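Everything on this sheet refers to the single structure shown next.
The values are calculated or read from the model by the stated rules, or taken from the named source; none is laboratory data. Bear in mind the structure is a predicted one, so any value in this text is a computation, not a measurement. Using ideal geometry, Cβ is built from the backbone for each residue, glycine included, and neighbour counts are taken over all protein chains shown.
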Ligand code: SF4
């Protein structure tokens with residue numbers, strides 16, 4: 001189940017017919033993104049043109065990947081589905097929970113102890129249900145996927161927003177919430193709004209200090225963090241063909257930073273080289289057999305304005321290195337302009353750390369280019385001013401880099417630190433000495449995200465994003481405004497020296513090598529595998545199925561909170577320290593809605609407990625209602641539940657006894673998540689009825705015995721003074737989703753149907 005060439009061959013055998021059906025249905029030549037989307041329709045060949053940005057479509061992804069933080073709840077849910085094995089090849093990667101502190105060996109050892117129960121859980125569930133498990137230290141999910149599983153023309157989903165990295169090998173790869181992944185693991189379709197398409201035409205060739213990273217840093221500057229929302233970005237042109245496969249991965253990876261659904265590149269020789277060097281001749285041969293279908297039609301690229309919703313052109317000959325930041329990845333500054341920008345904005349000029357790694361830039365090529373800068377500096381007698389921290393992307397990359405002397409090169413600087421092949425500082429898993437002092441400072445890194453606190457928890461750390469080679473140069477100089485194209489450094493002899501232009505190897509000359517890649521194949525028959533979860537664990541808790549609908553209208557419910565203004569999934573289920581409880585529904589429910597602003601008084605995490613008249617915290621108040629056998633209701637404003645797709649934001653209120661969420665409007669993914677968890681997600685037919693809801697209301701929902709698609713329900717408010725008001729509410733439940741509600745959750749229904 002981990003990697004299946006036969007599955008790829010079978011998909012490829014369908015490609016010609018399916019692509020032709022899509023051309024016929026749309027009556028036009030196709031982009032690559034359209035080819036991949038139309039060949040993965042759940043219902044087979046296309047029969048009609050799908051409207052971009054409008055139609056919701058069922059797809060059949062080829063693969064699923066989960067990382068350790070999100071996999072916990074996803075797998076706990078899958079265990080509820082009553083299936084023996086996952087329906088689609090799936091892997092789990094232990095990478096997010098490993099802290100970077102003292103260096104790879106010590107850090108991994110410590111993490112194996114502190115995260116033991118979570119890793120053991122993930123390993124045993126994977127073993128039982130046919131899921132490939134990549135152990136702690138094996139590497140970062142997206143680098144491992146690129147090396148082992150991504151293939152041209154494929155479609156995958158993953159419970160991590162940077163799943164999009166696999167676009168570097170010509171996939172449509174999309175980050176999703178755990179509930180979506182569980183559906184596909186259980187054999188159901190995956191639903192996505194048919195994306196709009198942005199074409200990026202790359203002309204020319206990268207040279208000198210410019211790297212693939214600079215392409216996406218430039219694109220981020222053009223499109224901003226929202227510019228790609230609801231879109232697939234498709235790169236094409238001679239500039240794309242001139243770039244390595246892992247470089248393409250870097251560009252696709254940071255498509256997440258412009259909000260894009262995903263990004264992709266057409267199959268070319270760089271991908272073929274990468275497939276062959278990572279021991280996948282069979283995939284390369286199969287891809288070569290249908291080459292013409294694994295890239296957009298020539299007519300599309302000849303006249304892109306006609307076929308894409310938006311087109312951007314970048315001439316790589318003119319592209320200079322960038323440094324994006326601080327605090328947002330779309331604040332793009334050319335390195336050449338940093339002196340004036342930094343001075344104007346008062347950004348700290350001294351750089352204390354340079355970090356190379358993350359799923360974005362931790363390939364062999366990345367390490368060779370960064371190492372070439374270090375080697376050059378050493379040979380010229382320059383001592384680094386800042387510390388260089390390096391997280392290789394995978395054990396295969398690390399082992400090969402060690403064999404080829406790259407790690408020795410980095411270690412020539414005493415202050416360098418080689419961390420575990422894991423996310424580390426990219427996700428706040430960095431025990432940075434002194435970070436707790438919250439001092440204003442600058443760091444540079446080759447990661448993707450640079451939001452406040454993201455790397456070290458210090459809100460005053462100004463993090464700038466750059467290519468690995470630029471990170472190395474800036475770390476050596478210790479200056480944010482160092483421009484290696486023009487500036488010199490002073491060596492140990494007091495001489496002014498200039499760093500040479502970076503050089504690197506796209507792929508290792510003697511091929512990749514690895515001793516133990518950290519992969520654990522699942523049992524052929526996992527039926528006897530026991531999944532152990534301690535009942536006293538504070539981090540993991542087996543799920544109990546939610547109760548099915550009682551078959552009557554709902555009455556006697558209390559208002560839990562009427563949220564006012566923005567209420568995102570972060571307001572509903574905060575991240576930060578709560579990440580620790582992602583696998584324990586009861587414990588993480590203690591953050592339920594604690595960020596929502598109470599419309600009565602404007603406080604957060606303070607509501608009236610109608611049973612006592614006292615004010616209390618939201619989770620505790622919900623628990624009090626639940627203990628008294630009373631359901632509760634959440635009322636919200638516009639676009640309720642925007643933000644991430646995390647299913648915790650729907651599971652927590654459900655767990656705490658909330659029966660319905662009634663809002664002016666929903667963010668769609670959250671609305672679907674509520675439906676999946678057996679909740680009622682309703683919208684005011686007349687948004688002004690929001691004002692009718694009072695703090696001390698008792699609430700009934702009527703019409704459930706005739707619950708049907710398109711048919712309104714009625715909400716009845718009984719105010720404390722005894723007066724009663726009613727109003728209609730809308731819903732978007734289809735017949736299937738009504739069955740989810742009746743069964744108590746989508747998983748309950750899957751389980752019923754599996755029996
Ligand atoms: Fe996410 Fe960073 Fe890990 Fe990539 S390296 S998967 S961005 S935490």
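Which residue out of 323, 367, 355 is away from the ligand (no atom under 16 Å from the Cβ) and closer than 24 Å to residue 430 by Cα?
Answer to the check: 323.
Residues of the range 27-58 being touching a residue at least 24 places away in the same chain (Cβ under 8 Å) and assigned to a helix (DSSP H, G or I), which ones?
Within the range 27-58, 32, 33, 34, 35, 36, 37, 39 meet the criteria.
For the range 59-85, what are the residues that are touching a strand residue (DSSP E or B) at 6+ places or on another chain (Cβ under 8 Å) and not in a strand (DSSP E or B)?
60, 61, 62, 68, 71, 72, 73, 74, 75, 76
Yes/no matrix, rows are residues, columns are (1) surrounded by 23 or more Cβ atoms within 10 Å (Cβ to Cβ); (2) within 30 Å of residue 128 (Cβ to Cβ):
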{"position": "466", "(1), (2)": "yes, no"}
{"position": "472", "(1), (2)": "yes, no"}
{"position": "504", "(1), (2)": "no, no"}
{"position": "520", "(1), (2)": "no, yes"}
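If I filter the range 178-187 for residues that are over 21 Å from residue 651 (Cβ atoms) and in contact (Cβ under 8 Å) with a residue 40 or more places away in the chain, do I get at least one hit?
yes
Residue-wise test of (1) surrounded by 20 or more Cβ atoms within 10 Å (Cβ to Cβ); (2) assigned to a strand (DSSP E or B).
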| site | (1), (2) |
| --- | --- |
| 296 | yes, no |
| 300 | yes, no |
| 312 | no, yes |
| 317 | no, no |
| 348 | no, no |
| 358 | yes, no |
| 361 | yes, no |
| 365 | yes, no |
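Name the helices (runs of 4 or more DSSP H) wholly within the range 645-755 that hold at least 3 residues that are out of contact with any strand residue (DSSP E or B) (no Cβ under 8 Å at 6 or more places or on another chain) and within 21 Å of residue 598 (Cα to Cα)?
648-655
What is the number of the single condition among (1) more than 27 Å from residue 111 (Cα to Cα); (2) within 16 Å of the ligand (Cβ to nearest atom); (3) assigned to a helix (DSSP H, G or I) that residue 340 does not meet?
Unmet condition: (2).
Which residues, counting only those in the range 239-261, are within 16 Å of the ligand (Cβ to nearest atom) and closer than 16 Å to residue 311 by Cα?
Scanning the range 239-261 gives 255, 258, 260.
Give 716, 706 a once-over and let me know the one that is over 38 Å from the mean Cα position of the chain (by Cα) and free of Cβ contacts under 8 Å to residues at least 12 places away in the same chain.
706
Quick check on the range 5-22. Is at least one of its residues crowded, with 19+ Cβ neighbours inside 10 Å and part of a loop (DSSP other than H, G, I, E, B)?
No, that holds for no residue.
Please report, ordered by residue number, the strands (runs of 3 or more DSSP E) entirely within the range 383-470 with at least 2 residues that are over 19 Å from residue 97 (Cα atoms), in contact (Cβ under 8 Å) with a residue 24 or more places away in the chain and within 16 Å of the ligand (Cβ to nearest atom).
Where strands (runs of 3 or more DSSP E) fall fully within the range 383-470 and carry at least 2 residues being over 19 Å from residue 97 (Cα atoms), in contact (Cβ under 8 Å) with a residue 24 or more places away in the chain and within 16 Å of the ligand (Cβ to nearest atom), they are 441-445, 461-465.
All but one of (1) touching a residue at least 40 places away in the same chain (Cβ under 8 Å); (2) touching a helix residue (DSSP H, G or I) at 6+ places or on another chain (Cβ under 8 Å); (3) away from the ligand (no atom under 16 Å from the Cβ) hold for residue 233, so report the exception by its number.
It is condition (1) that residue 233 fails.
Kindly evaluate residue 566 against the criterion of being more than 21 Å from the chain's Cα centre (by Cα) and modelled with pLDDT under 95.
Yes.
Condition check: surrounded by fewer than 22 Cβ atoms within 10 Å (Cβ to Cβ) and part of a loop (DSSP other than H, G, I, E, B). Does residue 601 satisfy that?
So residue 601 passes the test.
When the range 506-515 is examined, which residues are found to be touching a helix residue (DSSP H, G or I) at 6+ places or on another chain (Cβ under 7 Å) and surrounded by fewer than 16 Cβ atoms within 10 Å (Cβ to Cβ)?
511, 513, 515
So, residue 642, is that one within 17 Å of residue 190 (Cβ to Cβ), at pLDDT below 95, within 18 Å of the chain's Cα centre (by Cα) and in the same structural domain as residue 742 (by TED's automatic domain parsing) or not?
No: the conditions fail for residue 642.
Quick one: is residue 108 surrounded by fewer than 24 Cβ atoms within 10 Å (Cβ to Cβ), within 16 Å of the ligand (Cβ to nearest atom) and at pLDDT 95 or above?
Considered against the rule, which asks whether it is surrounded by fewer than 24 Cβ atoms within 10 Å (Cβ to Cβ), within 16 Å of the ligand (Cβ to nearest atom) and at pLDDT 95 or above, residue 108 comes out as yes.
Does the range 86-104 contain any residue that is assigned to a helix (DSSP H, G or I), modelled with pLDDT of 95 or more and either closer than 23 Å to residue 575 by Cβ or more than 12 Å from the ligand (Cβ to nearest atom) (or both)?
Checking the range 86-104: at least one residue is assigned to a helix (DSSP H, G or I), modelled with pLDDT of 95 or more and either closer than 23 Å to residue 575 by Cβ or more than 12 Å from the ligand (Cβ to nearest atom) (or both).
Out of 166, 100, 74, report the one residue that is in contact (Cβ under 8 Å) with a residue 24 or more places away in the chain, under 16 Å from residue 539 (Cβ atoms) and surrounded by 24 or more Cβ atoms within 10 Å (Cβ to Cβ).
So the residue among 166, 100, 74 that is in contact (Cβ under 8 Å) with a residue 24 or more places away in the chain, under 16 Å from residue 539 (Cβ atoms) and surrounded by 24 or more Cβ atoms within 10 Å (Cβ to Cβ) is 74.
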